[in-house]
Protein chains: 2
Amino acid sequence: MDNFTFFNPTKIDFGKGKEQVIGQHLAEHGIKTVLLCYGSERIKRDGLFAVVSKSLAAHRVELVECGGIVSNPLLSKIRDAITLARATHVDAVLSVGGGSVLDSAKAIAAGTLYDGDVWDLFIGKGSIKAALPIFDILTLAATGSEMNCGAVITNEETKEKFAIQSVHCFPKVSIINPELMQTISRDYLVYSAADIIAHSIEGYFTASVQPKFHSRMVEAIIGTVIETTETLLINPSDYDARAEFAWAATQALNGLIYSGTSGFSYPNHMIEHSLSALFNVPHGAGLSVVIPAWMKWYHGRNPAQFERFARTIFGVATAEDGIAALEAWFDKIGTPTRLSQLGIQQADLAATIENVLGNASYFGVADIYTRDVVTTILTSAL
Amino acid sequence: MDNFTFFNPTKIDFGKGKEQVIGQHLAEHGIKTVLLCYGSERIKRDGLFAVVSKSLAAHRVELVECGGIVSNPLLSKIRDAITLARATHVDAVLSVGGGSVLDSAKAIAAGTLYDGDVWDLFIGKGSIKAALPIFDILTLAATGSEMNCGAVITNEETKEKFAIQSVHCFPKVSIINPELMQTISRDYLVYSAADIIAHSIEGYFTASVQPKFHSRMVEAIIGTVIETTETLLINPSDYDARAEFAWAATQALNGLIYSGTSGFSYPNHMIEHSLSALFNVPHGAGLSVVIPAWMKWYHGRNPAQFERFARTIFGVATAEDGIAALEAWFDKIGTPTRLSQLGIQQADLAATIENVLGNASYFGVADIYTRDVVTTILTSAL
């Protein structure tokens with residue numbers, strides 16, 4: 001096992017009705033005015049906004065609205081929100097939504113206290129020295145952002161989807177109420193399943209140091225995601241399945257399964273970020289296309305681990321059968337496995353490959369993910 | 001899944017040589033003088049004390065020595081240490097040792113800032129409102145104390161082994177260097193294995209709400225402990241096995257596998273605490289005696305989970321076969337499975353039963369663990 005430091009100070013308040021105590025959490029942190037970030041106006045129609053407003057009011061916390069955050073969240077919106085946060089002198093940021101809203105909230109929290117353009121923080125021109133305190137009520141379980149210190153934002157001008165990571169960006173409190181996730185569409189449920197699996201397998205397959213304990217924990221997460229997704233597709237209101245799905249999502253990217261692993265990369269995310277940045281496909285849908293194609297290209301580099309995956313997750317013997325089983329499972333639950341299902345055609349490949357090569361430089365893996373390799377993977381996904 | 005709050009702010013600094021940076025961690029927290037708690041003088045002979053002293057000196061942190069803490073740590077020692085801590089105006093407590101030293105450090109840290117006798121905090125006469133900051137260098141992996149906020153102390157006058165738990169008792173920083181654990185005796189290795197398994201199974205078998213995801217994580221921990229213990233018995237200097245063993249120990253009792261579970265109790269610990277309190281047996285050795293006896297009595301109350309355990313951990317079909325397999329594994333690695341191996345005879349049973357009944361009241365499970373039940377369990381362990 002490699003040396004590591006593990007530190008995760010986010011408080012998770014998990015369960016039914018927990019959104020009602022958001023005001024109390026903010027008050028305990030001395031917050032007076034909060035920037036309330038959200039996506040569509042749906043939270044006003046379904047009553048969540050009213051619950052949150054009431055809880056904030058009960059604890060004398062003022063709110064400044066910042067709605068309209070889209071999935072694959074955009075840099076321009078972050079910049080506008082930072083201007084708003086500064087003008088209104090908010091002393092915290094509250095995300096009510098899924099990973100896109102929360103990632104935006106993190107970028108806003110860091111950018112508000114950064115003396116320069118927030119994109120500097122994504123491209124290494126500046127570093128995060130502080131951030132407004134971040135709180136969130138999670139309405140979609142997938143990204144793990146509720147218990148980590150990272151955020152991914154798309155620069156729509158440069159078509160770059162890049163990340164920040166800073167100890168200042170751990171949420172102070174994340175509220176996870178699986179009941180709030182019961183109305184998620186069937187599509188977003190299966191995309192989320194693909195996203196959680198992607199978070200779990202990047203290190204599992206690519207790490208040069210991957211302890212068996214960690215592989216076992218990854219398998220616990222993937223087994224849970226597979227089982228609960230199937231349950232939820234039949235019965236979306238199964239609370240326990242929704243809760244296990246959500247908590248598995250959190251565990252997949254809170255640092256635990258990566259503690260002590262090393263030499264890993266995020267190739268599936270790296271490739272998918274280009275699909276999102278160029279074609280605005282849902283992140284999880286892009287991942288379920290990339291993963292099988294990447295696995296088919298990669299498995300010979302780590303055959304024992306691919307055989308382990310095949311055996312423990314699907315009860316089949318060979319690496320190839322394990323990959324086929326995962327692809328078949330994606331097909332079965334209805335998340336895409338082909339670029340064509342995302343509306344991406346042969347004619348789009350050249351631009352996609354260029355974008356992926358840019359990401360490969362950014363991720364420091366340009367020596368492995370050469371033009372030939374990226375072409376091979378993307379072509380096999382057509 | 002039940003509602004829960006998960007919060008674990010301990011920073012883990014894990015790996016080779018990490019004890020050398022303890023001074024830096026203390027300095028980052030503004031510590032000027034620290035009470036250095038330890039057990040035997042072994043840390044002076046093996047060089048660890050010198051490494052720690054040097055690191056503290058390099059960061060201008062003064063140290064006050066508090067050695068001589070024994071396993072099954074004693075209240076009298078805690079009281080003396082609190083007097084010392086107050087007299088020397090230390091502003092933190094540093095444990096260098098295993099769970100007994102660390103649990104003592106926690107009790108000292110809380111007791112120093114409590115205006116009254118520290119035992120009040122164990123019996124509900126007082127509550128922990130603050131504690132000195134706690135740091136530790138772990139030299140034995142078993143109790144999980146390095147990443148939780150609990151501590152267990154024996155009152156040698158009343159023969160009670162009771163616990164405290166407070167958010168103020170999370171260590172600020174825990175240093176886990178598996179290299180420091182390579183010289184642990186064969187006996188203490190196998191006792192530790194039993195302790196970790198005990199932490200894992202209490203909730204697994206007794207919880208009325210036990211999500212499958214959590215069962216999977218428990219199985220990941222137990223599988224790791226079984227495999228790495230066997231490796232370490234053959235090759236005590238296998239670093240990776242030592243590291244996985246240690247990290248599994250931490251995960252077994254840092255709150256993760258209990259998050260969202262409910263209705264559980266700690267019957268094996270409850271019974272074992274009487275053995276430790278009365279006969280000063282090593283905690284893990286007591287547990288490996290209690291566990292099979294308790295399982296034989298209990299399994300009919302949760303047959304599906306016992307069958308799951310049998311199948312996933314030992315690849316056998318029935319609850320009885322799973323219990324037998326665990327007992328056989330304890331025998332194989334050389335941790336006791338009979339009270340007689342601990343020097344406890346039939347004649348000692350009456351006093352033991354009385355003590356366990358006292359614990360059952362303390363744990364709030366006196367309705368289940370009646371005199372008849374406790375007699376049945378202990379008699380079958382003779």
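What follows is calculated from the coordinates using simple rules that are stated; it is not laboratory data. These numbers come from a predicted model, not from an experiment. Using ideal geometry, Cβ is built from the backbone for each residue, glycine included, and neighbour counts are taken over all protein chains shown.
Things to note:
- Antiparallel content of DSSP bridges confined to chain A, in %, to 5: 25
- GNM flexibility winner over chain A from A:Ala142, A:Ala310, A:Ala81 (Cα, springs under 10 Å): A:Ala310
- Kirkwood-type hydrodynamic radius, the protein assembly as shown: 27.4 Å, calculated from all non-identical alpha-carbon pairs.
- Label geometry 7 Å along the beta-carbon vector: A:Ser262 inter-copy distances in nm: 4.3
- Taken about its Cα centre, the protein assembly as shown carries a charge dipole of about 760 debye when Lys and Arg each add +1 at the Cβ and Asp and Glu each add -1 at the Cβ.
- All lysines inside 28 Å of A:Lys296 as judged from Cα atoms, apart from same-chain residues fewer than 8 positions distant: A:Lys159, A:Lys161, A:Lys212, A:Lys332
- Highest-MSF residue in chain B out of B:Gly99, B:Gly255, B:Gly364 [GNM, Cα springs under 10 Å]: B:Gly364
- Inter-centroid distance (Cα atoms) of segment A:122-137 relative to segment A:239-274, Å: 21
- DSSP beta bridges fully contained in segment A:11-180 are about 20 percent antiparallel.
- Sites matching GluC sites (Glu not before Pro) across segment B:78-158 that sit in DSSP coil, with at most 12 neighbouring C-beta atoms within 10 Å: B:Glu157
- Among A:Gln24, A:Gln165, A:Gln346: highest mean-square fluctuation, GNM of chain A, C-alpha pairs under 10 Å: A:Gln346
- The order of A:Ile271, B:Ile43, going from fewest to most other C-beta atoms within 10 Å of their C-beta, is B:Ile43, A:Ile271.
- Among beta bridges identified by DSSP and lying wholly in the protein assembly as shown, the antiparallel ones come to about 30 percent.
- Cut-off under 5 Å, modelled amide H: who pairs with B:Leu36 long-range: B:Val64, B:Glu65, B:Cys66, B:Leu94
- Label-to-label distance for B:His29 and B:Leu84 is 1.8 nm, based on points extended 7 Å past Cα in the beta-carbon direction.
- Exam field: B:Asp117 pseudo-label spacings to other copies (7 Å along Cα-Cβ), nanometres: 6.9
- Between A:Gln341 and B:Ala304, the C-beta separation translates, for a Förster distance of 51 Å, into a calculated FRET efficiency of about 0.80.
- Each label was represented as a point 7 Å from its Cα along the Cα-to-Cβ direction; for B:Lys54 and B:Ser237 these points are 2.1 nm apart.
- Here the Karplus curve 6.51 cos²θ - 1.76 cosθ + 1.60, taken at θ = phi - 60°, turns the phi angles of segment B:208-223 into couplings of 7, 10, 9, x, 5, 4, 5, 4, 4, 5, 4, 5, 4, 5, 5, x Hz, with x standing for Gly and Pro.
- Cβ-vector label at 7 Å, B:Gln345, separations to other copies in nm: 9.1
- Cross-link reach list, lysines versus B:Lys44, counting only Cα pairs under 21 Å and skipping chain neighbours closer than eight places: B:Lys16, B:Lys18, B:Lys54, B:Lys77
- Helix A:239-252 vs. chain A, principal-axis angle (Cα, 0 to 90°, nearest 10): 80
- At 1.306 mPa s and 10 °C, Stokes diffusion of segment B:185-380 via Kirkwood alpha-carbon radius, µm² per second: 94
- Angle in degrees between helix A:267-279 and the longest Cα principal axis of chain A, rounded to the nearest 10: 60
- Helix-only arithmetic for chain B: the sum of -39500 (n - 2.57) across DSSP H runs with n ≥ 4, divided by the residue total, places the mean residue ellipticity at 222 nm at -16000 deg cm²/dmol.
- Diffusion coefficient, µm² s⁻¹, Stokes-Einstein with Kirkwood Rh over alpha-carbon pairs of chain B at 37 °C and 0.692 mPa s: 156
- Going from the fewest other Cβ atoms within 10 Å to the most, the residues B:Ser288, A:Ser71, A:Ser104, B:Ser380 appear in the order B:Ser380, A:Ser71, A:Ser104, B:Ser288.
- Helix A:371-380 and the long axis of chain A differ in direction by around 90°, with both axes built from C-alpha atoms.
- Over 21 Å [Cα-Cα, segment B:11-180], rounded percent: 39
- With Cα atoms defining each centre, segment B:334-382 and segment A:48-94 are spaced 58 Å apart in the structure.
- The separation of segment A:149-216 from segment B:185-208, counted between C-alpha centres, amounts to 32 Å.
- Among B:Leu94, A:Leu75, a tally of other beta-carbon atoms within 10 Å of each Cβ gives an order, fewest to most, of A:Leu75, B:Leu94.
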